[in-house]
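Trainee: Here it is, the structure, as structure tokens.
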Amino acid sequence: MKRIVPLAALALAAACAGGPPPEGTSTRTIYTNTHNTNSVPVSGASDVMTTSATGLTATTTMSVDSTMRALAAAYGIMHIPVTLVDPATRRVGNQRLPLRYNLNGEPLSRFVNCGETMTAVRADREQIFLSIISVIKPQATGGNVVETTVQAIAVDRTSGNSNGMIPCSTTGTLEGRVHRMALNAR
């Protein structure tokens, strides 16, 4: 005979099992920044293009310099060349990483969603240009908040359509790995 555990007992067990996050880090939050840009006006009107970057945040008690070094090391471990290190704006990352098929042997569709063609998943088939940037924001109360954003565009080079640039969304996996490696965040 099966025994049914009351809902209150399950809630209490879950609350006790969680425990605090690793020292120096706190939970992550998903956020989205959206920017509108106007293109050249045509016949008195203008086209508005919207770009969004979605990412994760993590809080750490490490210094800004230590956090920048840890982020750069995490990118290196993940085979993402660090082409942006700006101590003045506290940014680390790569603004234009061309990828095809995979990153570290994992299919790109694990990291970005660019939709599908009739025969394949775009991220695993087409040229992807990925931007991944971490920004460190010191807090008045101490510690830092690290925001890591990912933007990507798929370009279909096989169809001959050179204008076929498709925006991709992030799955959150890449940002989460950067935070886990650099900050020991959950």
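The values are calculated or read from the model by the stated rules, or taken from the named source; none is laboratory data. Predicted, not measured: the structure shown is a model, and the values here were computed from it. In this analysis, Cβ positions are derived from the backbone assuming ideal geometry, glycine residues included, and neighbour counts consider all displayed protein chains. Keep in mind that these areas ignore ligands, DNA and RNA; they rest on the heavy atoms of the full protein, side chains included. Shrake-Rupley method; radii C 1.70, N 1.55, O 1.52, S 1.80 Å.
Trainee: If I filter region 165-186 down to residues being out of contact with any helix residue (DSSP H, G or I) (no Cβ under 7 Å at 6 or more places or on another chain) and within 23 Å of Arg69 (Cβ to Cβ), which single residue comes out as modelled with the lowest pLDDT?
Mentor: Ranking the candidates gives Arg186 first.
Trainee: Then there's this: Can you confirm whether Ser162 is modelled with pLDDT of 90 or more, of a type in the set (Ser, Thr, Tyr), farther than 23 Å from Thr59 by Cβ and open to solvent by 20 Å² or more (accessible area, probe 1.4 Å)?
Mentor: Here the answer is no, as Ser162 does not meet what is asked.
Trainee: Within region 84-140, can you find the residues that are more than 15 Å from Gly55 (Cα to Cα), part of a loop (DSSP other than H, G, I, E, B) and either of a type in the set (D, E, K, R) or open to solvent by less than 40 Å² (accessible area, probe 1.4 Å) (or both)?
Mentor: Arg90, Cys114, Gly115, Thr117, Ala120, Glu126
Trainee: OK, next. How many residues, within region 58-79, are under 28 Å from Pro167 (Cα atoms), in contact with a strand residue (DSSP E or B) (Cβ under 8 Å, 6 or more places away or on another chain) and buried (at least 20 other Cβ atoms within 10 Å of the Cβ)?
Mentor: Residues in region 58-79 being under 28 Å from Pro167 (Cα atoms), in contact with a strand residue (DSSP E or B) (Cβ under 8 Å, 6 or more places away or on another chain) and buried (at least 20 other Cβ atoms within 10 Å of the Cβ): 3 in total.
Trainee: Mind listing whichever residues of region 92-108 are polar (S, T, N, Q), in contact (Cβ under 8 Å) with a residue 24 or more places away in the chain and at negative phi?
Mentor: Result: Asn94, Gln95.
Trainee: Going residue by residue through region 55-73, is there one that turns out to be assigned to a strand (DSSP E or B), closer than 14 Å to Leu174 by Cα and of a type outside the set (A, V, I, L, M)?
Mentor: Yes.
Trainee: Are there any pairs with C-beta distances below 9 angstrom linking a residue in region 75-90 that is free of Cβ contacts under 8 Å to residues at least 60 places away in the same chain and under 16 Å from His179 (Cα atoms) to a residue that is open to solvent by less than 90 Å² (accessible area, probe 1.4 Å) and charged (D, E, K, R), with the two at least 6 apart or on different chains, and if so which?
Mentor: From residues that are free of Cβ contacts under 8 Å to residues at least 60 places away in the same chain and under 16 Å from His179 (Cα atoms), the pairs are Arg90/Lys137.
Trainee: Please count how many residues of region 115-138 are of a type in the set (S, T, N, Q) and in contact with a strand residue (DSSP E or B) (Cβ under 6 Å, 6 or more places away or on another chain).
Mentor: 3
Trainee: For Thr171, all conditions in the list (1) on the phi > 0 side of the Ramachandran plot; (2) open to solvent by 40 Å² or more (accessible area, probe 1.4 Å) hold save one; what is the number of the exception?
Mentor: Thr171 satisfies all of (1) on the phi > 0 side of the Ramachandran plot; (2) open to solvent by 40 Å² or more (accessible area, probe 1.4 Å) except (1).
Trainee: On the given criteria, is Ile153 crowded, with 21+ Cβ neighbours inside 10 Å and either modelled with pLDDT of 95 or more or of a type in the set (Val, Ile, Thr) (or both)?
Mentor: no
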